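J.: Before anything else, here's the structure in question.
Where a number appears in this text, it was derived from the coordinates with a stated rule and is not lab data. This one's a predicted model, so the numbers in the text were calculated from it and none came from an experiment. Please note: Cβ atoms are built from the backbone with ideal geometry, for glycine as well, and neighbour counts cover all protein chains shown.
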Amino acid sequence: MYVGEAVGLSRRFRHYRTPGAGLTTNGRLQTELLLTLYGGGRVVVEVVAEAYMTDQDCQEHPLDLSRKSARHLVEAAAEVAERRNPLVRVINDGP
């Protein structure tokens, strides 16, 4: 599993399809995607369209996902949650 943030999905997937020089994460993910697909596996993309933060009074507040800081917060929370599952291999840190 890879958890990442992006403003636009079409641009993000274009970078996976044709990673440029110096874009090591995109190149690594391209390899992971191709190995999975050619090996008969499947790739699933999940998109967060809205997210909320709960304050100390247990009140929910929507996060503005147009802000990079909010997207990074959601990305980090998702990665931490996935790492708790021993059946999931998180590849964010590389091989």
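J.: One residue is enough: does the range 4-26 have a residue meeting the conditions within 13 Å of the chain's Cα centre (by Cα), outside any helix (DSSP H, G or I) and loosely packed, with under 10 Cβ neighbours inside 10 Å?
T.: Yes, the conditions are met somewhere in the range 4-26.
J.: Look through V48, V80, V74 and report the one residue that is part of a loop (DSSP other than H, G, I, E, B) and either touching a residue at least 24 places away in the same chain (Cβ under 8 Å) or surrounded by 10 or more Cβ atoms within 10 Å (Cβ to Cβ) (or both).
T.: So the residue among V48, V80, V74 that is part of a loop (DSSP other than H, G, I, E, B) and either touching a residue at least 24 places away in the same chain (Cβ under 8 Å) or surrounded by 10 or more Cβ atoms within 10 Å (Cβ to Cβ) (or both) is V48.
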